[in-house]
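Data first, discussion second: the structure below is written as structure tokens.
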Amino acid sequence: MKPPDTILGTNLVPAPGAVFSEAEEIAKLKDSLMKRIRRSAYVFRVDCGGCNGCEIEIFAAFSPIFDAERFGIKLVSSPRHADILLYTGSMTRSMRLPAIRSYHAAPDPKIVIGYGACGCTGGIFHDLYCVWGGAESVVPVDVYIPGCPPTPAATIYGFALALGLLEQKLKARHHKEGENEVVIPIRPLIPLRLRVALEREARRMSGYRQGRIVVDRFMSILGHEGANAPFAERMKAYLDEEGDPRLTEIFERLNDIVEGRPSGWTGQSSASSSTS
Amino acid sequence: MFKLLREIVKTGDVTTRYPKKPFPISPNFRGRVEYDPLRCMACAACTIACPANALSMVTDPAAGKRTWMFNYGRCVVCARCEEVCPTEAIVLSGQFELAVRAKSDLMVTAEFSLVTCRQCDTPFAPKKEVDYAMALLERAGVNPHDLELRRVQYETCPECRRLNDFARLRETRLVSGLDAPAAALVADLVSHMAPLRSGAELEP
């Protein structure tokens with residue numbers, strides 16, 4: 001543990017990766033702040049070089065729908081009023097000094113939160129030439145709120161965790177391969193080529209994530225063994241239940257592929273559907 | 001005044017009761033990455049797809065292990081890993097409560113054993129991946145005799161397989177019938193391939 005004068009700023013420009021540490025009595029005070037807070041907690045945001053997505057979500061957390069102020073959490077515009085410092089964005093070279101200055105400006109005890117994927121580890125920008133990593137590359141971080149960006153509800157959960165109101169849910173996990181672990185291929189009843197053609201067409205029509213969801217539903221109806229009704233009837237029943245014309249169109253197109261009808265589109269999918 | 005009060009009553013309370021009651025999640029919400037190591041075969045498709053390098057893999061040939069690692073702190077929840085996963089080992093859930101006090105709690109790791117090459121004893125591919133390939137072939141209707149031959153091939157590392165192909169080429173008339181300069185060229189190629197057998201120049 002470093003002596004307190006290092007915290008209060010004789011050495012304002014640390015080497016990359018250097019971390020301030022806190023004196024013991026301050027750590028004790030902070031412990032009581034995190035465990036038994038009896039008053040409002042003021043939050044100051046420090047944007048160290050993010051995309052502002054996190055800022056939008058933070059402000060959304062203070063909007064009437066989520067209303068973080070009902071818990072006494074309040075955004076302030078000066079670090080001198082702050083109990084909680086919210087570091088958003090990856091720690092960039094140019095913003096490291098303002099980040100350190102706001103850390104020193106906040107009165108002890110203070111809670112530092114690394115907010116968003118960038119504030120936690122540098123996120124998607126972690127290997128940029130000007131990025132040093134997350135907030136912890138410059139200041140000691142107490143709570144990490146991952147997400148890109150964290151939703152307002154996740155933000156409120158993070159504040160509650162920082163103030164000791166809620167319990168942590170995520171734990172580190174490690175798995176070691178067992179003796180006879182075998183992976184069984186999925187969709188055993190549908191031939192691989194047909195499956196690939198269906199997945200490709202569904203993704204082309206409705207985007208990569210929705211496409212997967214749609215094609216999963218389609219194949220689970222197609223590959224359902226024990227059903228009495230023929231496939232066309234089961235599909236129609238499902239589509240009537242959903243009542244979504246977009247879904248109906250995609251399902252009809254996928255059904256064309258299953259029955260080997262050529263596609264109206266003359267791209268990759270017609271080539272793949274002819275193989276089915 | 002009455003009109004205003006009526007409006008207030010009609011609008012009701014818009015604020016969510018979130019920490020006390022569960023927050024309603026849209027079915028299209030992309031939340032926490034749920035990983036099932038029992039369904040994972042360490043094929044590394046997700047680590048290639050991941051734009052933020054939240055997913056990574058480290059191969060330790062000395063210990064014959066491959067470690068799959070996932071860092072929640074770097075994840076941008078784009079669902080590319082869910083898309084490419086061939087075995088549905090990665091699925092995105094509606095969970096969003098990810099905040100932690102210690103950074104180590106953001107890590108998920110899994111360890112997989114590697115198959116060693118039948119010829120040179122170098123570990124080269126995850127055991128579960130080779131088994132999965134065999135299961136796919138079996139499903140495609142390959143008969144058991146061919147399947148066993150394929151297993152020999154699949155449990156040989158790519159470098160050894162290449163050398164075997166060269167050896168086979170030399171035996172055929174295609175190579176033996178060559179004129180002297182071409183034969184010298186092939187012999188030269190084979191001698192260049194030889195160090196690969198030891199695996200010294202090719203790090204996995």
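Those residues that are among the hydrophobic types (A, V, I, L, M, F, W, C), at pLDDT below 85 and closer than 11 Å to A:Met219 by Cα, I need them from segment A:187-204; list them, please. If the condition is that a residue be among the hydrophobic types (A, V, I, L, M, F, W, C), at pLDDT below 85 and closer than 11 Å to A:Met219 by Cα, then A:Leu189, A:Ile190 are the ones that fit.
Determine, yes or no, whether B:Arg66 is surrounded by fewer than 18 Cβ atoms within 10 Å (Cβ to Cβ) and either more than 9 Å from chain A (Cβ to nearest Cβ) or part of a strand (DSSP E or B) (or both). Considered against the rule, which asks whether it is surrounded by fewer than 18 Cβ atoms within 10 Å (Cβ to Cβ) and either more than 9 Å from chain A (Cβ to nearest Cβ) or part of a strand (DSSP E or B) (or both), B:Arg66 comes out as no. Here A:Ala172 clears all of (1) closer than 27 Å to B:Met134 by Cα; (2) facing chain B (nearest Cβ under 10 Å) except the condition numbered (1).
Within segment A:133-161, the set of residues being more than 7 Å from chain B (Cβ to nearest Cβ) and more than 27 Å from A:Ile26 (Cα to Cα) comprises A:Pro149, A:Pro150, A:Pro152.
Within segment B:38-51, can one find any residue that is closer than 22 Å to A:Gly53 by Cα and in contact with a Pro (Cβ under 9 Å, 6 or more places away or on another chain)?
Going residue by residue through segment B:38-51, those that are closer than 22 Å to A:Gly53 by Cα are B:50-51.
Pick out the ones that are also in contact with a Pro (Cβ under 9 Å, 6 or more places away or on another chain) and you get none.
No: zero hits.
Taking first residues from segment A:188-203 that are within 10 Å of chain B (Cβ to nearest Cβ) and partners that are part of a loop (DSSP other than H, G, I, E, B) and aliphatic (A, V, I, L, M), the Cβ contacts under 9 Å between residues at least 6 apart in sequence or on separate chains come to A:Pro191/B:Ala140; A:Leu192/B:Ala140.
Restricting attention to segment B:9-44 and to residues that are within 13 Å of chain A (Cβ to nearest Cβ) and not in a loop (DSSP other than H, G, I, E, B), the residue that is farthest from the chain's Cα centre (by Cα) turns out to be B:Thr11. The set of residues in segment B:84-102 that are of a type outside the set (Gly, Ala, Ser), facing chain A (nearest Cβ under 7 Å) and buried (at least 18 other Cβ atoms within 10 Å of the Cβ) comprises B:Thr87, B:Phe96, B:Glu97, B:Leu98, B:Val100. Among the residues examined, B:Cys81 qualifies as surrounded by 22 or more Cβ atoms within 10 Å (Cβ to Cβ) and more than 8 Å from every other protein chain (Cβ to nearest Cβ).
Taking (1) within 16 Å of A:Glu55 (Cα to Cα); (2) surrounded by fewer than 20 Cβ atoms within 10 Å (Cβ to Cβ) in turn, A:Ala160 satisfies each apart from (1).
Annotation: of all residues in segment B:103-126 being at the interface with chain A (Cβ under 8 Å from one of its Cβ atoms) and outside any strand (DSSP E or B), the one that is farthest from the chain's Cα centre (by Cα) is B:Lys103.
Does A:Cys130 qualify as being under 23 Å from B:Asn71 (Cα atoms), more than 8 Å from chain B (Cβ to nearest Cβ), touching a Gly at 6+ places or on another chain (Cβ under 9 Å) and surrounded by fewer than 24 Cβ atoms within 10 Å (Cβ to Cβ)?
Working: under 23 Å from B:Asn71 (Cα atoms): yes; more than 8 Å from chain B (Cβ to nearest Cβ): yes; touching a Gly at 6+ places or on another chain (Cβ under 9 Å): yes; surrounded by fewer than 24 Cβ atoms within 10 Å (Cβ to Cβ): yes.
In short, yes.
The values are calculated or read from the model by the stated rules, or taken from the named source; none is laboratory data. Owing to the predicted nature of the structure, the values given are computational and were not obtained by experimental measurement. Neighbour counts are summed over all protein chains in view; Cβ atoms, including those assigned to glycine, are modelled from backbone coordinates with ideal geometry.
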